[in-house]
Amino acid sequence: MERVCLDCGARLLGRSDKKFCSDQCRNNYNNRLNRDQNNYVRNVHAQLRRNRKVLADLFEAGHHRIHRDALLAHGYNFTFFTHLVETRDGLRWLYCFEYGFRDSGAGYLELMKSSAYLEGCVPEAEPGLM
């Protein structure tokens, strides 16, 4: 029985347990097998990056309070965020990496930047946080 490469179908020579004719064919085959999983992760990560960019651009431009609709108009997707911090006072901050926001009433959101995320812990410098 002739053995063939699982990716390109070329005839295999050499070891009896060989499945691919080259590293490229092995990579192609495995990438094709994992494509759906990889695409899902890639799409989620891309949306997180877009959300972070929207928050970063607005915050760095001096907008520390903004209407929810303005975030939507800039392409922010409220479904995707990296983590949630709840303060002792019961305030909920949604973060996308180091940029976060909380509902401040009447459709407005308060924006903030926390460098504590980069240090791997909950923000300590913010008043009223855990």
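The values are calculated or read from the model by the stated rules, or taken from the named source; none is laboratory data. Since the structure is predicted, the reported quantities are computational estimates derived from the model, not experimental observations. Note: ideal-geometry Cβ built from the backbone for every residue, glycine included; neighbour counts use all protein chains shown.
Table for the structure above
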item: Qualifying residue in the range 105-116 (condition: in contact with a helix residue (DSSP H, G or I) (Cβ under 6 Å, 6 or more places away or on another chain), more than 17 Å from Asn51 (Cα to Cα) and either modelled with pLDDT of 95 or more or in a loop (DSSP other than H, G, I, E, B) (or both)); result: yes
item: Conditions (1) closer than 19 Å to Phe97 by Cα; (2) out of contact with any Gly (no Cβ under 9 Å at 6 or more places or on another chain); (3) crowded, with 16+ Cβ neighbours inside 10 Å: number failed by Cys25; result: (1)
item: Filter pass, Tyr29 being without any contact (Cβ under 8 Å) to a residue 24 or more places away in the chain and closer than 30 Å to Cys5 by Cβ; result: yes
item: Total residues in the range 16-75, condition modelled with pLDDT under 95, assigned to a loop (DSSP other than H, G, I, E, B) and among the hydroxyl-bearing types (Ser, Thr, Tyr); result: 1
item: Selection within the range 70-96 - surrounded by fewer than 12 Cβ atoms within 10 Å (Cβ to Cβ), out of contact with any helix residue (DSSP H, G or I) (no Cβ under 9 Å at 6 or more places or on another chain) and farther than 16 Å from Ser114 by Cα; result: Ala73, Arg88, Asp89, Gly90
item: Cross-chain or 6+ apart pairs with Cβ under 6 Å, the range 1-19 first and surrounded by 14 or more Cβ atoms within 10 Å (Cβ to Cβ), then of a type in the set (S, T, N, Q) and not in a loop (DSSP other than H, G, I, E, B); result: Asp7/Asn28
